[in-house]
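Accompanying notes for the structure given below.
Values in this text are rule-based calculations from the coordinates and carry no lab data. Worth saying up front: this structure is predicted, and the values here are computed from it rather than measured. Glycine gets a Cβ as well: all are built from the backbone with ideal geometry, and neighbour counts include every protein chain shown.
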Amino acid sequence: MSAQPYGLIATFDTASSLYHAAEQVRDAGYRRWDCITPCPVHGLDTAMGLKRSIVPRISLCGGITGFCTGMTLIWWTGAVAYPLTVGGKPLFSPMFAFPISYELTILFTAFATIFGIFVTNGLPMHYHPVLKYEHITRGLDDQFFVVIEASDPKYDRTATRALLEKAGGRNITELEP
């Protein structure tokens with residue numbers, strides 16, 4: 001009894017052929033698939049049908065939290081914990097709280113961005129079945145790949161292979177789990 005494969009991988013020689021193959025896979029209705037490229041391919045995310053990332057929103061929330069934390073910290077220290085009136089000055093002034101709020105905004109934004117990237121990318125991932133493919137290192141140099149996972153609801157071994165062949169894929173191989 002053989003184990004269910006991870007999916008199929010197909011090789012493409014040019015970014016243009018990969019781009020058109022990605023459009024065909026997207027139009028066929030596949031949801032669990034990816035492209036592996038040695039360089040950024042302009043517009044590939046659109047060809048794949050990917051939505052905008054939520055990481056910028058997570059970063060914004062981190063920045064707002066940092067700013068509010070800085071303002072609250074200075075307000076609490078100056079007006080609540082250690083109220084000290086010197087020369088009739090107010091117990092709290094946003095002008096004096098700005099430097100620490102600014103720094104905490106940057107710090108919290110950086111932490112939120114890193115956290116958001118890790119969560120949305122499913123990191124840390126110490127192993128991926130695609131790394132078992134013998135020619136995957138060519139994806140760092142001069143080859144382009146499309147990987148369609150067997151866990152996709154539309155995945156059918158023969159129909160998916162036919163789609164990749166029709167899209168111009170070469171060396172279509174089943175990936176071990």
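Residue farthest toward the positive end of the dipole of the chain, with Cβ of Lys/Arg at +1 and Asp/Glu at -1: which of L140, I106, T46?
Working it through, the farthest residue towards the positive pole turns out to be I106.
State the extension gain, in nm to one decimal, for the chain segment bounded by T72 and L123, taking 0.36 nm per residue of separation less the distance between their alpha-carbons.
Values: separation 51, 0.36 × 51 = 18.36 nm, distance 3.30 nm.
Gain on extension, T72 to L123, equals 15.1 nm.
Show which lysines lie in cross-link reach of K132 when reach means a straight Cα distance below 23 angstrom and same-chain residues fewer than eight apart are skipped.
none
How much net charge surrounds L8 when only other residues with a Cβ under 11 Å from its Cβ are counted (Lys, Arg +1; Asp, Glu -1)?
Details: positive: R157, R161; negative: E149, D152, D156, E165, E174.
Result for the neighbourhood of L8: -3.
Filter the trypsin sites (Lys or Arg not before Pro) in the range 22-126 to those in DSSP coil with at most 15 other Cβ atoms within 10 Å of their Cβ, and list the result.
Those that pass, being in a loop and sparsely packed, are R31, R32, K51, R52.
For the pair K132 and C39, what calculated FRET efficiency results from E = 1/(1 + (r/R0)^6), where r is the Cβ-Cβ distance and R0 = 25 Å, to the nearest 0.05? Please report the intermediate quantities before stating the final value.
Numbers: r = 23 Å, r/R0 = 0.93.
Efficiency for this residue pair is about 0.60.
How high is the relative contact order of the range 55-121, in percent, with contacts defined as C-alpha pairs under 8 Å that are six or more residues apart? Provide the component values of the computation, followed by the final result.
Working: 74 pairs, mean separation 36.6, N = 67.
Rounded, it is 55 percent for the range 55-121.
In deg cm²/dmol, rounded to 500, what helix-only [θ] at 222 nm does the chain give when every DSSP H run of at least 4 residues adds -39500 (n - 2.57) and the total is split over its residues?
Details: 5 runs with 77 residues, N = 177.
It comes out at -14500 deg cm²/dmol, rounded to the nearest 500.
Relative contact order of the chain: what whole-number percent is it, with Cα pairs under 8 angstrom and at least 6 residues apart? Kindly include the intermediate steps, with their values, before the conclusion.
On the way: 238 pairs, mean separation 88.9, N = 177.
With pairs under 8 Å counted, the relative contact order is 50 percent.
Can you tell me which lysines have their Cα less than 25 Å from the Cα of K51? Leave out same-chain residues fewer than eight positions away.
Those lysines meeting the cut-off are K154.
Please state the equivalent ellipsoid semi-axes for the range 1-159: what are the square roots of 5 times the Cα gyration tensor eigenvalues, largest first, in whole Å?
Values: eigenvalues 535, 51, 38 Å².
Ellipsoid half-lengths, sorted descending, are 52, 16, 14 Å.
Stretched out fully, how many nm does the piece from A3 to D27 gain, at 0.36 nm a residue minus the Cα gap?
Working: separation 24, 0.36 × 24 = 8.64 nm, distance 2.87 nm.
Computed gain between A3 and D27 is 5.8 nm.
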